[in-house]
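Report on the structure given below.
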Amino acid sequence: MKTLCNFKFREHTTRQFIEESIAQAIFNAECVFGKPRVRVSGVGYYIPDDGSRCLIDVSTEVGEHVAQVFTGIMLILSAKRSFQVKRIEGEPVTPAGNKRS
């Protein structure tokens, strides 16, 4: 079962800003866990082109760490009310809305 953190941003947040912040969070995870463990864990995230949200897979300890550091970066570098985060637990869903088996 996948667990995700769904970050929703206001319109003024750019995809580039989100990507750079994710890269910083992944670098931090490499410092804590080591590059091999971060690569093996496969930190998964998704950012649509419009930068309106970001999904981070927190099913592993490394993914959880990345999401926590990313949240910290967002709290420091952006206005505290410029994003929301919600934890989503459940079965993965395909783009068509069908559950994977």
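What follows draws every value from the coordinates through simple rules; no lab data is involved. All values reported here derive from a predicted model rather than from experimental measurement. Cβ sites come from the backbone with ideal geometry, for glycine too, and all protein chains shown count toward neighbours.
Give the residue list of GluC sites (Glu not before Pro) in the stretch 1-64 that are DSSP loop and have at most 15 other beta-carbon atoms within 10 angstrom. In loop regions of the stretch 1-64 (DSSP not H, G, I, E or B), the sparsely surrounded GluC sites (Glu not before Pro) are GLU11.
Principal axis extents of the Cα atoms in the chain, from largest to smallest and rounded to whole angstrom, are 40, 34, 20. Near VAL58, the amide H atoms lying under 5 Å from its own belong to THR3, LEU4, CYS5; only residues 5 or more places off or on other chains count, and H is placed 1.01 Å from N. Which residues in the stretch 42-67 have a backbone N closer than 19 Å to a point placed 7 Å from the Cα of GLN16 along the Cα-to-Cβ line? Those under the cut-off are 47-54. How large is the charge dipole for the stretch 1-63, taken about the Cα centre, if only the Cβ atoms of Lys, Arg (+1) and Asp, Glu (-1) carry charge, to the nearest 20 debye? With Lys and Arg at +1 and Asp and Glu at -1, about 180 debye.
Its relative contact order, with pairs defined as Cα atoms under 8 Å and 6+ residues apart, puts the stretch 1-85 at 44 percent. For the stretch 1-94, trypsin sites (Lys or Arg not before Pro) meeting the loop criterion (DSSP other than H, G, I, E, B) and having at most 14 other Cβ atoms within 10 Å: ARG10, LYS80, ARG81.
Using the Cβ-Cβ distance between SER82 and TYR46 with R0 set to 22 Å, the FRET efficiency from 1/(1 + (r/R0)^6) comes to roughly 0.70.
In order along the stretch 20-26, the phi-based Karplus estimate (6.51 cos²θ - 1.76 cosθ + 1.60, θ = phi - 60°) of 3J(HN,Hα) comes to 5, 5, 5, 4, 5, 5, 5 Hz; Gly and Pro are listed as x. Within the listed set ILE18, ILE76, ILE47, the Gaussian network model of the chain (springs between alpha-carbon atoms below 10 Å) gives the highest mean-square fluctuation for ILE76.
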